Structures are given as C-alpha cells and as structure tokens.
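K.L.:
Can you keep this structure in mind? I'll have questions shortly.
The values are calculated or read from the model by the stated rules, or taken from the named source; none is laboratory data. Small disclaimer: the values here were computed from a predicted structure and weren't measured. With ideal geometry, Cβ positions are generated from the backbone for all residues, glycine too; neighbour counts draw on all protein chains shown. Note: areas computed on protein heavy atoms with side chains; ligands, DNA, RNA excluded. Shrake-Rupley method; radii C 1.70, N 1.55, O 1.52, S 1.80 Å.
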Amino acid sequence: MKAPLNWIKQYVDLDGISSEEIVQGLTNAGLEVIEIKKEGKDTILEFEITSNRPDWLSVYGIARELAAIFCRELRKLKPPSYSSCTKEIKIIVEDESLCPLYTARIIENIQVKDSPEFIKTYLHSCNINIINNIVDITNYCLLEIGQPLHAFDLDKLHLPLSIRCAKEGEKIITLDGKERILSPEILIIADQKGPVAIAGVMGSAHTEVDNSTKKILLESAIFSSVYVRRATRLLGISTESSYRFERGCTLWSVDTGSRRATELIEKYAEGKFITFESRKKKLSSKDNFIL
C-alpha cells in the first residue's frame, strides 16, 4: 500500500520528526516500509501490510499508528451524521452471515465533473486511475479510511436491492467491460433485473456513474471475507476493494467512510443527501468480522 506523507500529516502533527525517524518508528512497530519515493514536494511511502493488520490499510490507520508511536494527538475524522430518513430504501439481505451490515445513502442533484486537484494528486500518487469526481471520491475515501465504497447510478437501478448468492449461470458485465459468468458460490448485489455488483469486488458497467448521472445510491457494507476471496479466485479478478474486504472491515469504517464520502460529494459534486438505510445483523461474539 502507498501513502503520501503530506496526506498522513493532515491527521497527525509530525513536526520536528524526520522522514527517517518516521520510517524507523513504523518499522519498529512491525509496519515495514519497502520504498520511499520523492514526488514533487511530497514523500510517498510504500508499505508491506501483513494480513492480520487491516487497520493499517488506510492513510488514517497509518496516522493513528504514528500518533501512538510518537505520542502525538490524532486529529479525528468527524463528518456530518447524514442519518435522517425521509423515505425508505428497500434492501433485502438473504443471509446476514454473508453480509452482516449493508448501508445505502441516496444523494441527488449530482454534478459529475473533474475532481479537485488534491484528490487527483493523492489518487495518482497511490496508482489509482482518475475517473470522475464521484468515483474518485469513493476511491479517495477507500484510501483515507480503508472502507471500500460503491456508487450506483440510482436511475439505472430497479429497486429493491437484494444481497444474495448468484444463481447458476447468471451473468454480469463488470466495470472493466468483461462478461462474468456467476455461480452460487459468489455473493452479489442484485436489483429486480439481475446482478448489479459482485459483492466486495466490482460493480456492473450498466449501473456505473457517468456524465449523465444525477442521483446515486452510495453503498458501504461488510461482506463475508470468505465469499469475497472465493469470488476473486473463481473469477480471476482482484481489486483494491476486495483486498480490504478479504482482510476485514469495521463497523466504524463502514459508517465513517459513507459519511465522509457524502460530505465530499456534497462539497465537490453539489450533491444533496436525501435518505439513509441500514440492514444490520444482531452481533454476537462468534461473528468473524472486526468489531
């Protein structure tokens, strides 16, 4: 994983601490820095993250670690709540063990355009393709908080949404333009016409955000790491999202990531938050995702 040092410094004051001291401190904590690269006025750090530390798979997670190492204050992420509901979004989760938490926010009056320069700069530094302001914001929040998000063009969806296992032989054309043949071993998000995303991996091309998009449904969820890993293996596809879902997301990141993206979409895409819906499993000590 790559993280620009200037981005990290937005959340923790590292004044008086050299890049070498930062690298040494992280190394001593078990977070290996495998490359240091100067890029303009910034320094890009590349990390080797072990599978048991998904909390390090974000810029904010790295900042939190540095705050602990150097006894500095961590600046809190506090996006607005965006939780009031003015209308219901019908969501059906067929097996809560495979999707313990699914949240959706509807944002209207979207203006799809270029992203602000700071988002494009940080995404470029982390080798993420620049698409448009909506997609770029979801990718920015993935890197910032570690929570994969997906934006559906709401006008292209046929609600309600169902989170279920695929039926044998169902097909989806994913965002990379490839047709994928699905099976019951693969968890999907479907509308009334069929699959619209492979859960935790990639969305479909026919519900993607484009220049004509005016309304979006913003997804933030926890999916079974076993099923995400199985989908990537069966379909031969791996993404930044699946990499994180395979290692585990948190209740905090689901909520904070969604609210943070909503905040940025309102600011940089002139969107207006409309409503929020959540489907959450009653938690127990046997749940195999991070609390």
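K.L.:
Which residues, taken from the stretch 172-226, are over 14 Å from the mean Cα position of the chain (by Cα), among the polar types (S, T, N, Q) and under 16 Å from residue 99 (Cβ atoms)?
P.N.:
224, 225 - these are the residues of the stretch 172-226 that are over 14 Å from the mean Cα position of the chain (by Cα), among the polar types (S, T, N, Q) and under 16 Å from residue 99 (Cβ atoms).
K.L.:
Residues in the stretch 167-183 that are farther than 21 Å from residue 240 by Cα and surrounded by 13 or more Cβ atoms within 10 Å (Cβ to Cβ): how many?
P.N.:
Going residue by residue through the stretch 167-183, those that are farther than 21 Å from residue 240 by Cα are 167-171, 181, 183.
Remaining after also requiring surrounded by 13 or more Cβ atoms within 10 Å (Cβ to Cβ): 167, 170, 181, 183.
Total meeting the criteria: 4.
K.L.:
Could you list, in sequence order, all residues of the stretch 86-137 that are touching a helix residue (DSSP H, G or I) at 6+ places or on another chain (Cβ under 6 Å), more than 16 Å from residue 209 (Cβ to Cβ) and part of a loop (DSSP other than H, G, I, E, B)?
P.N.:
Once the filter is applied, which keeps residues that are touching a helix residue (DSSP H, G or I) at 6+ places or on another chain (Cβ under 6 Å), more than 16 Å from residue 209 (Cβ to Cβ) and part of a loop (DSSP other than H, G, I, E, B), the stretch 86-137 yields 98, 116, 126.
K.L.:
What tally of residues in the stretch 3-61 results from selecting those that are open to solvent by 20 Å² or more (accessible area, probe 1.4 Å) and β-branched (Val, Ile, Thr)?
P.N.:
Residues that pass the stated criteria total 7.
K.L.:
What residue, among those in the stretch 214-228 that are of a type in the set (D, E, K, R) and farther than 16 Å from residue 164 by Cα, is most open to solvent (accessible area, probe 1.4 Å)?
P.N.:
Applying the first criterion (of a type in the set (D, E, K, R)) to the stretch 214-228 yields 214-215, 219.
Subsequent filtering for residues that are farther than 16 Å from residue 164 by Cα retains 214-215.
Working: 214: 108, 215: 71 Å².
It comes out as 214.
K.L.:
Report, ordered by the first and then the second residue, all pairs with beta carbons closer than 7 Å, sequence separation of six or more or different chains, a first member in the stretch 110-129 that is farther than 22 Å from residue 241 by Cβ and open to solvent by 30 Å² or more (accessible area, probe 1.4 Å), and a second member that is polar (S, T, N, Q) and part of a helix (DSSP H, G or I).
P.N.:
Close Cβ pairs (under 7 Å, with a partner that is polar (S, T, N, Q) and part of a helix (DSSP H, G or I)) amount to 113/133; 114/133.
K.L.:
Which of the residues that make up the stretch 187-200 are touching a Pro at 6+ places or on another chain (Cβ under 9 Å) and either closer than 15 Å to residue 236 by Cβ or loosely packed, with under 14 Cβ neighbours inside 10 Å (or both)?
P.N.:
192
K.L.:
What pairs come out if I take residues in the stretch 199-211 that are closer than 21 Å to residue 244 by Cβ and pair them with residues that are among the charged types (D, E, K, R) and open to solvent by less than 10 Å² (accessible area, probe 1.4 Å) whose C-beta lies under 7 Å away, six or more apart or interchain?
P.N.:
So the pair list comes out as 208/153; 209/153.
K.L.:
Scan (1) assigned to a strand (DSSP E or B); (2) open to solvent by less than 30 Å² (accessible area, probe 1.4 Å) for the single condition residue 67 breaks and write down its number.
P.N.:
For residue 67, the failing item is (1).
K.L.:
Moving to a separate point now. Regarding the stretch 45-52, can at least one residue be identified that is free of Cβ contacts under 8 Å to residues at least 24 places away in the same chain and charged (D, E, K, R)?
P.N.:
yes
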